[in-house]
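For reference, the structure is listed below as structure tokens.
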Amino acid sequence: MESPLHHFELHPIIHLSIGGLDLSINKAVIAMWIGMAIVFGLFMLVVRGGLSMVPGKIQSIAEISLEFIKGMVKEFIGDEGMKYFNFVGSLFFFMVCCNLIGLIPGSYTITSQLVVTGAFAICIFIMTLVIGFSKHGGHFFSILVPPGVPKLMIPFMVPIEVISMIARPISLSVRLFANMTAGHTVLAVLFGLAMSAPVWLGWLPFGFTVIINGLEMAIALIQAYIFTTLTCVYIGDVIKLH
Amino acid sequence: MAQDSGFREGMGIALRLGVELIVATFIGVMMGYALDKFFDTRPWFLVLGVLFGGAAGSLNVYRIATASLPGDVKDPLDLQKNNKKQKDR
């Protein structure tokens, strides 16, 4: 029987090497392109089809989801957070698409690679630092001292706050990566059982595969939601400074 | 719809807490280990790192828990007392 982790392995489809850099195209790259194309195509379809006062099916989906993200940005960043709406919105739709594409058999979940989620998380972390420093200047360091802390406790609080600051991008990336990898491994294990068992027993794990696939769909949406919520929370933290 | 969003938020918080606690402790340990390697003072920074990391993790979890409390309650301990009072009644 094949290892359940086998489908996470990546093999180059088109070999490409520019200046010593390995830029080979593999399944993950193609899945990411498809994800981008779907997000772009969906919204182009909405705009090209002409916006109407009484929204059609696709326009309703786009409007409801955008309203949802708008509410999220308003709640966690505040009114001045609306300039980050574009970023948060794109992030959410891209994550949702990539997570959902992975559920189609034979495709690839790019968010099950720590490299992808880690790159996103580090970019977001650096972005929050840049926003914080450009908004508050040197005063930004006061984020390391929570309000209402006695002077005696400050030498203890600063390392604790530094650790929890560094933990942010790591927990952000590890959460998404671990959930996606775990879900797909469970699916692979169950499907392996279904395939290796005789038919009179194999329907049981196969039934579970179907159920867990439904659960995975919910997880894909919830994880994308958490990822974007936390991005909003982190941006809101550096804007408000407590 | 309202019930649905409550479920989503609950799932979000539940999935956050565990990772938050572990990652902060892990970072503390790694920082302590690196400092020990650098200054050649094993195991003192490691011990300090575990303590600070654990504290940071607990603090993060406490903050998430406080932020997710219903409107008027400000402290999780108050909530506990309230629940007790209601049970006593």
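Here is how the numbers come out for the structure above:
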quantity: For chain A, the Rg and Dmax computed from alpha carbons only, in angstrom; calculated: 21.7, 70
quantity: FRET E, pair residue A:63, residue B:40, Förster distance 45 Å, beta-carbon r, rounded to 0.05; calculated: 0.15
quantity: Whole-Hz couplings from phi, Karplus 6.51/-1.76/1.60, listed for segment B:35-52; x for Gly and Pro; calculated: 4, 4, 4, 6, 8, 6, 10, 3, x, 5, 5, 4, 4, 4, x, 4, 5, 5
quantity: Residue A:114-residue A:53 FRET efficiency (beta carbon distance; Förster radius 45 Å; 0.05 resolution); calculated: 0.50
quantity: Of A:198, A:176, A:148, farthest towards positive along the dipole that unit charges on Lys, Arg, Asp, Glu beta carbons give the protein assembly as shown; calculated: A:148
quantity: Karplus 3J(HN,Hα) series, Hz, for segment B:11-25 with 6.51 cos²θ - 1.76 cosθ + 1.60 (x for Gly, Pro); calculated: 4, x, 5, 4, 6, 6, 4, x, 4, 4, 5, 5, 5, 5, 4
quantity: Set A:151/B:37; A:151/A:240; A:70/A:240 screened for pairs whose C-alpha atoms are more than 29 Å apart; calculated: A:151/B:37
quantity: Top positive-direction residue, dipole computed over the protein assembly as shown with Cβ charges, set A:139, A:220, A:123; calculated: A:139
quantity: Alpha carbon centroid spacing (whole Å) that separates segment A:88-111 from segment A:1-17; calculated: 18 Å
quantity: Mean separation of Cα contacts under 8 Å (6+ apart) over length of chain A, as relative contact order %; calculated: 26 percent
quantity: Electrostatic dipole magnitude of segment A:6-240 [Cβ: Lys, Arg +1; Asp, Glu -1; Cα centre; debye, to 20]; calculated: 240 debye
quantity: Which of A:50, A:167, A:81, positive extreme of dipole for chain A (C-beta unit charges); calculated: A:81
quantity: Other-chain or far-sequence residues with amide H under 5 Å of residue A:26's (modelled H); calculated: A:13
quantity: Two-site FRET efficiency, residue A:152 against residue A:75, from Cβ-Cβ distance with R₀ of 45 Å, rounded to 0.05; calculated: 0.80
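Each value in this text was obtained by applying a stated rule to the coordinates, not by laboratory testing. Note that the structure is predicted; figures quoted are calculated from it, not measured. Using ideal geometry, Cβ is built from the backbone for each residue, glycine included, and neighbour counts are taken over all protein chains shown.
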